[in-house]
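Below is one structure, written out as structure tokens, with a few remarks after it.
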There are 2 protein chains.
Amino acid sequence: MARGRRPGGADTRKVVLDAARRRFAEVGYARASLRSIAAEAAVDPSLVVHYFGSKEGLFRAVIEWPFDPAVFLDQLTAAGPDGLGRRLAAGFLGMWESADTGPRLQAVFRAAVTDADVTALIREFLTEVLAERLIMVIGRERAEQRVELALGTLLGIAVVRHILRVEPLAGLPLDELVDQIAPAVQQQLGGALTVD
Amino acid sequence: MARGRRPGGADTRKVVLDAARRRFAEVGYARASLRSIAAEAAVDPSLVVHYFGSKEGLFRAVIEWPFDPAVFLDQLTAAGPDGLGRRLAAGFLGMWESADTGPRLQAVFRAAVTDADVTALIREFLTEVLAERLIMVIGRERAEQRVELALGTLLGIAVVRHILRVEPLAGLPLDELVDQIAPAVQQQLGGALTVD
């Protein structure tokens with residue numbers, strides 16, 4: 001890239017991200033080539049590399065968007081461990097429910113269970129970004145295990161509700177679902193913590 | 001089929017099932033044609049139709065094998081609702097653990113979340129075969145919802161452990177995992193039931 005030449009700016013970056021999101025959702029991670037994403041965004045492939053480094057970097061940018069992990073976890077954990085089960089259930093399942101983030105999470109999940117390279121990416125994201133912050137908040141023995149059980153529970157509920165779409169769970173209002181699941185999540189995070 | 005002509009017998013049926021299992025695991029439900037399965041089994045496609053009716057019938061035969069729902073559910077439910085959470089957790093996660101049934105369940109799950117026609121098949125299997133029997137045993141208000149929450153929880157744990165392979169959950173001995181998860185599952189099946 002020649003010095004002084006701005007290859008696009010914030011708008012172009014967003015156009016590439018949107019194109020990548022569509023391609024990953026349509027054909028999965030493995031089959032969405034960097035070249036096809038560039039074509040969808042109507043930019044040169046070198047520009048995609050300039051912004052995101054690689055297809056993996058691009059994917060990471062796509063998957064981190066819906067989570068916004070810093071903001072999400074700050075909101076969840078600001079009040080400490082009490083009631084964390086309910087807040088985590090409401091926050092996690094709320095993202096799957098949202099018209100904005102829901103379809104993206106579904107695409108990420110489908111890629112995570114079918115493509116080994118994406119699996120590794122998601123594993124890293126779960127453990128280093130999401131779980132690590134939660135572990136700091138609950139601060140109990142076997143904290144990692146507790147967080148993984150709680151996230152696993154919520155992930156399974158999201159799959160039954162939004163991917164397998166099994167009734168009556170699929171049609172249950174979100175607040176009722178959170179009422180049903182919060183005690184189990186709280187128990188997994190730490191049996192002795194207050195269930196609100 | 002001409003009268004009096006036996007088109008293969010039990011061995012041929014098994015050869016076709018094994019071939020189908022391999023094809024579904026390798027390329028997924030949508031891309032495994034009935035013709036390619038017949039070719040893999042070295043039989044005529046009409047023979048596959050004779051035994052299983054259709055590709056869907058064949059797939060159902062493949063997915064029902066690892067579960068063996070009648071035996072599995074009889075063992076789980078014979079003792080009634082008390083301790084059902086633990087028995088369900090041990091039975092369900094034990095099948096994912098097994099060298100025999102585990103890889104088949106993974107293949108089924110991957111197909112279920114990526115191919116819409118398999119999703120419908122699995123949804124039907126979950127609700128009409130697995131959930132219905134459990135609902136009869138727990139016999140409480142909102143039984144369907146309770147069973148789906150419990151199965152969703154266990155499914156999510158299985159995904160984190162066996163597909164995403166997140167540590168420490170992936171490496172935890174099965175009996176310790178069951179100890180951790182049984183109270184939550186029992187609570188979902190019915191809060192007032194005995195937790196053993």
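Could you grab the pairs with beta carbons closer than 7 Å, sequence gap of 6+ or different chains, first residue in region B:16-43 and under 13 Å from B:ASP115 (Cβ atoms) and in the same structural domain as B:THR119 (by TED's automatic domain parsing), second one part of a helix (DSSP H, G or I) and polar (S, T, N, Q)?
No pair meets every condition.
Can you say whether A:LEU169 is in contact with a helix residue (DSSP H, G or I) (Cβ under 9 Å, 6 or more places away or on another chain) and under 26 Å from B:VAL118 (Cβ atoms), as far as the supplied structure shows?
Here the answer is yes, as A:LEU169 does meet what is asked.
Pick from B:GLY85, B:GLY53, B:GLY80, B:GLY57: which is surrounded by fewer than 16 Cβ atoms within 10 Å (Cβ to Cβ) and under 20 Å from the mean Cα position of the chain (by Cα)?
One residue alone meets the criteria, B:GLY57.
Considering region B:14-63 alone, what residues qualify as being in contact with an Asp or Glu (Cβ under 9 Å, 6 or more places away or on another chain) and of a type in the set (Gly, Ala, Ser)?
B:ALA19, B:ALA20, B:GLY28, B:ALA30, B:ALA32, B:ALA38, B:ALA41
Please report, ordered by residue number, the helices (runs of 4 or more DSSP H) entirely within region A:126-196 with at least 2 residues that are modelled with pLDDT under 90, crowded, with 16+ Cβ neighbours inside 10 Å and among the charged types (D, E, K, R).
A:143-158
What pairs can you find where one residue is in region B:180-191 and facing another protein chain (nearest Cβ under 8 Å), the other is among the basic types (Lys, Arg) and part of a helix (DSSP H, G or I), and their Cβ atoms are less than 6 Å apart, with a gap of 6+ or different chains?
Listed by first residue and then by second, the contacts come to B:GLN188/B:ARG146.
Given (1) at pLDDT below 85; (2) within 14 Å of chain B (Cβ to nearest Cβ); (3) assigned to a helix (DSSP H, G or I), identify the lone condition not met by A:ARG31.
Condition (3) is where A:ARG31 drops out.
Check B:ALA79, B:ALA61, B:ALA99, B:ALA70 and return the single one that is at pLDDT 75 or above, hydrophobic (A, V, I, L, M, F, W, C) and part of a helix (DSSP H, G or I).
B:ALA61
The values are calculated or read from the model by the stated rules, or taken from the named source; none is laboratory data. All values derive from a computational prediction rather than experimental measurement. In this analysis, Cβ positions are derived from the backbone assuming ideal geometry, glycine residues included, and neighbour counts consider all displayed protein chains.
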